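Here is the structure we will look at, set down as structure tokens.
Since every read-out is calculated from the coordinates, none of them should be taken as a lab result. The structure displayed is predicted, hence computed values, not measured ones. Here the Cβ positions follow ideal geometry from the backbone for every residue, glycine too, while neighbour counts run over all protein chains shown.
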């Protein structure tokens, strides 16, 4: 990597270092495959989620540079898949250097940092136990009512509230650690 300091064994720290060191290049890899500015950020986020999943499965290469190359490959594949899903051909001409996000949109670095936080939050949600993860997904991410969540999971409304409270506390701790 291009970062400074001793390499970490924590996959989230590794991917954070990768994104901080090569964020513009990751977005450029998706743009080179024909993704628009916002789509390129989505491709990077999708690739980071894949990276974390492969890390949990212990399917990533051992070296830092090999892992960085794998991340770039994942970004390119995400962009190609996006293009395929939308039945678009890769443009055969270079993209304009002036291709920018729409007026009033936050800068690409800020959007990518937000995407990085989302990936970290998803990893933290995945670390919750099964019932807590289900409650968080339904109640907080899908924004369903407490009654709906209780009915869907066969729990009491009070227990759903307790699980949400405990999960929020665990997620705060997890996000601070990262």
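Spin-label model, residue 80 to residue 140: label points 7 Å out along the Cα-to-beta-carbon direction sit 3.6 nm apart. Between residue 166 and residue 66, the simple spin-label model (points 7 angstrom out along Cα→Cβ) gives 4.1 nm.
When all alpha carbon pairs of region 128-178 are counted in 5 Å bins from zero, the resulting P(r) reads 5, 23, 34, 22, 10, 5, 2 %.
The slack in the chain from residue 159 to residue 131, taken as 0.36 nm per residue of separation less the alpha-carbon distance, amounts to 9.0 nm.
Applying 0.36 nm per residue to the separation of residue 53 and residue 152 and subtracting their alpha-carbon distance, the gain on full extension is 32.9 nm.
Stretched out straight at 0.36 nm per residue, the stretch from residue 173 to residue 113 would grow longer than its current Cα-Cα span by 19.7 nm.
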